[in-house]
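Single-structure report; data block below.
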Amino acid sequence: MRWACRNGRRSCRGVSPILATILLVAIALVLAAVLYVLVAGFAHSTGPTSIVTALGAGPASDIVGSSQTNAFCQKAHYCYSVPIFLAGHGVTLGDVALSVLTVDGTIRTVGQNYAQLAIVDSTNGVVASAKLSKNAPFEISGWQKFAHGGSAGAPLSTSETLWVQFGNTHSSPFGQGLTLQIAGTGSFSGTVTIYLP
């Protein structure tokens with residue numbers, strides 16, 4: 001079957017095969033680039049990750065220190081043990097700031113002697129800690145000490161426990177309606193609040 005050409009010409013010329021191939025490849029590349037931009041936009045969030053989806057902890061247990069308890073909670077000190085049950089999205093020691101709040105939502109003041117916050121591993125070793133002096137706000141924005149060459153970039157783990165030590169206050173903080181607030185920093189935002197019974 002012969003195709004008819006315009007103007008009665010016997011031979012017709014269309015787009016050359018080489019040019020057609022180049023056009024098809026160019027169209028395919030443009031479509032691939034558009035698809036990549038769309039997928040990359042969905043895959044990467046532009047804002048910080050919520051600490052609520054990255055870190056889960058609790059419930060808190062009240063403990064009076066003794067020679068049998070973790071070495072971090074010393075004898076006659078009042079402490080809370082808060083197990084970590086979720087640590088995802090690459091959350092690290094440096095991605096959290098901690099504070100103890102009173103029942104009216106203000107930051108508690110450290111009472112008698114001193115107070116401490118620490119992350120303790122499954123062998124009762126202190127991974128990171130921060131000591132707070134008397135009359136200071138009961139909060140930290142970064143750890144002061146790390147064990148075994150650790151750093152703020154070390155990932156948090158579900159085998160670790162958060163310890164809140166009130167020290168020898170001569171009056172128990174238990175049952176006062178206190179809460180531990182864990183705030184996300186850096187690439188994390190939001191807060192996790194844990195009731196301290």
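Read-outs: derived from the displayed coordinates by stated rules, not from any lab. Source: prediction; values computed, not measured. Note that we place each Cβ from the backbone using ideal geometry, even for glycine, and neighbour counts take in every protein chain shown.
Below, the figures for the structure above:
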{"read-out": "Whole-number percent relative contact order across the chain, with pairs defined as alpha carbons under 8 Å at least 6 apart", "value": "26 percent"}
{"read-out": "Longest site-free stretch - the chain; sites: chymotrypsin sites (Phe, Trp or Tyr not before Pro), DSSP loop, at most 16 other Cβ within 10 Å", "value": "4-173"}
{"read-out": "Angle between the chain longest axis and helix 17-43 axis [Cα atoms, degrees, rounded to 10]", "value": "20 degrees"}
{"read-out": "Between segment 90-135 and segment 164-197, the alpha-carbon center distance in angstrom", "value": "8 Å"}
{"read-out": "Gln112 versus Val39: modelled label distance in nm, points set 7 Å from Cα along the beta carbon direction", "value": "6.3 nm"}
{"read-out": "Per-selection Kirkwood Rh - segment 91-140 (Cα, Å, 1 d.p.)", "value": "12.0 Å"}
{"read-out": "Net length gained if the chain between Ala136 and Thr169 were fully extended (0.36 nm per residue, minus Cα distance)", "value": "10.5 nm"}
{"read-out": "For the chain, share of DSSP beta bridges that run antiparallel, in % to the nearest 5", "value": "95 percent"}
{"read-out": "Förster radius 22 Å - calculated FRET efficiency between Thr53 and Gln144 (Cβ-Cβ, nearest 0.05)", "value": "0.20"}
{"read-out": "Candidate lysines - alpha carbon under 18 Å from Lys145, same-chain residues fewer than 8 apart omitted", "value": "Lys131"}
{"read-out": "Summed side-chain charge close to Asn113 - residues other than Asn113 whose Cβ falls under 15 Å, Lys, Arg +1, Asp, Glu -1", "value": "+4"}
{"read-out": "Residue-averaged [θ]222 nm for the chain, counting only DSSP H segments that reach four residues, each worth -39500 (n - 2.57)", "value": "-5000 deg cm²/dmol"}
